[in-house]
Amino acid sequence: MSILTTCHRAKNEQEKETKLTLLYIAVAFAFSVAVRLIWYYQFSGYEPFMFNSQFMINTNDGYYFAEGARDILSGVSQKNDLSPLDSAASRLSAFFATVLPFSFETVIFFMPAFLGSLVVVPIILIAKNLKNLEMGLIAALLASIANSYYNRTMIGYFDTDMLNIVLPMFLLWSIIWAIKTNEDKYLLITALDILVYRWWYPQSYSLEFSFFGLILLYTLIFDRKNLYNYKLLALMMFAMLNLDGFIRFPLVLAIFYIFKQERFERYIYHILVASLALFFASGGFEPILALLKIYVFKDAVSISGQGMGLHFYSVMQTIREAGQIPFETFASRISGHIVTFVLSIGGFVYLAYRHKVMLFGLPLIGLGFLASVGGLRFTIYAVPVLAFGVAFLITEIARFMPTNRLKILSMTAFTLAILYPNIAHVREYKVPTVFNSDEVKVLDELKNIAQREDYVISWWDYGYPLRYYSDVKTLTDGGKHNGDVNFPVSFMLTNPQQTASKMARLDVEYTEKTFKSLDEHSDKNLSKFSNIEQMTKEYGFNDTNDFLLSLQTDMKLPQKSRDIYFYLPFRMLDIYPTVAIFSNINLMNGAVENQLIFYAAKTFKQEQNIVNLGQGILFDLQKQTVTIGKESVPVKRFVQTTYDKEMKLQKNIQLLNNAAAINVVYMSNYNTFLVLDEKTYNSLYIQLMVLEEYDKMLFEEVILTPHAKVYKLKI
């Protein structure tokens, strides 16, 4: 009778624990989603962030996956349009848009809030294994809205980050349960999680390999004779092979079946060795080295590995997310506050001392700490694991409270204290949509003018939205922006119209030529060379600098196969110096050319005849000079632009000193002063976007608005 009573009590306790686990998951999930709705209510009805009465997303890369999902749903896509029809995010989005009773725009707008909030599930399940559900709830509440995690899973942030932390946290959960229970089902769950993670995020190699290495180290030190651990390692390695998922999935199932048979236990070590051999033979370590090269060993200049060995400026030097960040920012992004971060570190050390399985969270912490050299985008990985640290300290303090009521009150008070800075961040983080409604209207109008095979040239930041809204091709985008593809576009935007127009026709036709070559398999090596290198050689030059100079002369251009448009938004003015960097380089030796003079002042102060533009720049209206630092130089032109009632641009150009080399432009409607050298003043972007001065033999206007302007290339 006592045995039955004990079993009954145990069953009741288990049911109670299960119900409490589900309750905590529901509470944490609802909290996470609710906090993400703050942005929605802050901007509810705000027209600039809406198009066709739908909120637009607020991340550029999201339009890449949106394009793929759109094409899956429509069943229409053209060859070589780079639409990600096979990407996991596109497929999942298309599926949700099919089964849910909402518009496609609504689905992709809200998906991050709901999928990102799923991170609370593995956090609480891990805590359940450690017999501390309260710790799991606190950690889930904090991790779900911590600064960097919120930033990259907020409402409208439609990107792979929706599940990029959720899936490795499930992997950590399955590893912890596998090591603690030695149950066969967790062998399969771990391998399947790796398969799903790789399907969702192909760059997951490094984290998966780190988990593998840590389990191997744990096994060799603490549990060397346990065959179960070697089974786990082998299955993980087969799931990690650099092969197609359709090959790895049945292979994992086959190996799992073998491990279920006792007669094969003597071959476990051999199978593990074979899996390692296959991993390296399949090139499994190469993607890891590639990621390290990009984010850790990044160089300012990249050198093409083929042919002429041209030097190109590296895009990683211009991306804020890939740059080093100060410690205060680093700590706040992970935990919301420096104090919380320090407590999280100490708490995690104590937690790992009490529960060694939590050491398996070190790869996530390590990848998060890579932010110190690789950029702030990595901090997101450390968020959930370190949240366990401070949550554990809170529950440990509560254990010493004399009454249950004081225990609950202390946990509540401390939890609110660590949540407050993060909620304050959410309220202040009023990130805008990628484009405003007026800009998107231009792209929507362009969609009805341009053909799907036509190219629209703009900077890579706008590539994905251009393809999504205008359904056209682009030369660069958020994924295709290496130095060799950025150079021609930068050259077009920052050089005079005569040379820029020729480069545009050349780059588009050479891009299509490469596509055709790859499709026909007639010249597979062609794709290994940059367009600039191909142009240089085919036009009979050994020096690319000589080829670029030849663009100033009459030359025979490739036959026109499609139309080319230039999309020139006002917002590009803010990044013009960055755009110029990519073509302001000697391709033959990597030397940086003369720095341009470009200053854009949107806040300024006038005192009598002196306009203080900030940054030590003064414009003397009477003397007609500009002082930059300690040097005062004469102004060649002073230009004032304004829009009339019909929104037509009017400009007044005063030639002040023909021998001078500095120009000043006042864009009155934008309340912006520009200080430009002669080359920048004559660049395609300034002439066409700022001044609407274009060579009618080369260009024709298509759409002209204060927000963005579109021109069509005639040649």
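The values are calculated or read from the model by the stated rules, or taken from the named source; none is laboratory data. If you're wondering where the values come from, they're calculated on a predicted model, not measured in any experiment. A quick note on method: Cβ atoms are made from the backbone with ideal geometry, for glycine too, and the neighbour counts reach across all protein chains shown. Heavy atoms of the whole protein, side chains included, go into the accessibility calculation; ligands, DNA and RNA do not. Shrake-Rupley method; radii C 1.70, N 1.55, O 1.52, S 1.80 Å.
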Quiz item: Quick one: would you say LYS407 is over 30 Å from VAL390 (Cα atoms) and open to solvent by 10 Å² or more (accessible area, probe 1.4 Å)?
Solution: no
Quiz item: What tally of residues in region 230-254 results from selecting those that are in contact with a Gly (Cβ under 9 Å, 6 or more places away or on another chain) and open to solvent by less than 10 Å² (accessible area, probe 1.4 Å)?
Solution: 3
Quiz prompt | Residue in region 563-576 that is within 30 Å of MET308 (Cβ to Cβ), touching a strand residue (DSSP E or B) at 6+ places or on another chain (Cβ under 8 Å) and among the aliphatic types (A, V, I, L, M) present | solution = yes
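Identify, from the list LEU251, LEU217, LEU272, LEU227, the residue that is over 11 Å from ALA191 (Cα atoms), touching a Phe, Trp or Tyr at 6+ places or on another chain (Cβ under 6 Å) and modelled with pLDDT of 90 or more.
Answer to the selection: LEU272.
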Exercise. Name every residue in region 75-111 that is under 22 Å from the mean Cα position of the chain (by Cα) and outside any helix (DSSP H, G or I), in order of residue number.
Key: ASP81, LEU82, SER83, PRO84, LEU85, ASP86, SER87
Quiz item: Looking at ALA387, ALA398, ALA417, which is the one that is over 22 Å from TYR150 (Cα atoms), of a type in the set (Gly, Ala, Ser) and assigned to a helix (DSSP H, G or I)?
Solution: ALA398
Quiz item: Which one is farthest from the chain's Cα centre (by Cα) among residues in region 346-361 that are farther than 15 Å from LYS180 by Cα and surrounded by fewer than 18 Cβ atoms within 10 Å (Cβ to Cβ)?
Solution: TYR353
Exercise. Kindly indicate whether LEU172 is assigned to a helix (DSSP H, G or I) and under 25 Å from the mean Cα position of the chain (by Cα).
Key: yes
Exercise. Could you please tell me which pairs satisfy a Cβ distance under 7 Å, a separation of 6+ or placement on different chains, a first residue in region 137-161 that is part of a helix (DSSP H, G or I), and a second residue that is surrounded by fewer than 24 Cβ atoms within 10 Å (Cβ to Cβ) and small (Gly, Ala, Ser)?
Key: ASN147/SER332
Practice problem: Report yes if LYS560 is of a type in the set (D, E, K, R) and either over 26 Å from LEU446 (Cβ atoms) or touching a strand residue (DSSP E or B) at 6+ places or on another chain (Cβ under 7 Å) (or both), otherwise no. | Solution: no
Quiz item: Tell me, which strands (runs of 3 or more DSSP E) wholly within region 533-622 include 1 or more residues that are over 29 Å from the mean Cα position of the chain (by Cα) and in contact (Cβ under 8 Å) with a residue 60 or more places away in the chain?
Solution: 610-614
Quiz prompt | Flag if LEU227 is in contact with a helix residue (DSSP H, G or I) (Cβ under 8 Å, 6 or more places away or on another chain), of a type in the set (A, V, I, L, M), open to solvent by 40 Å² or more (accessible area, probe 1.4 Å) and closer than 17 Å to LYS260 by Cβ | solution = yes
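Out of the residues in region 641-681 meeting the condition of being open to solvent by 40 Å² or more (accessible area, probe 1.4 Å) and aliphatic (A, V, I, L, M), tell me which one is nearest to THR499 (Cα to Cα).
ALA661
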Quiz prompt | region 440-489 - residue that is under 18 Å from ASP81 (Cβ atoms), among the aromatic types (Phe, Trp, Tyr) and in a helix (DSSP H, G or I) and, of those, most open to solvent (accessible area, probe 1.4 Å) | solution = TRP460
Quiz item: On the given criteria, is GLU208 surrounded by 15 or more Cβ atoms within 10 Å (Cβ to Cβ) and assigned to a helix (DSSP H, G or I)?
Solution: yes
Exercise. State which residue is most open to solvent (accessible area, probe 1.4 Å) when the search covers only region 44-92 and only residues that are acidic (Asp, Glu) and touching a residue at least 40 places away in the same chain (Cβ under 8 Å).
Key: GLU47
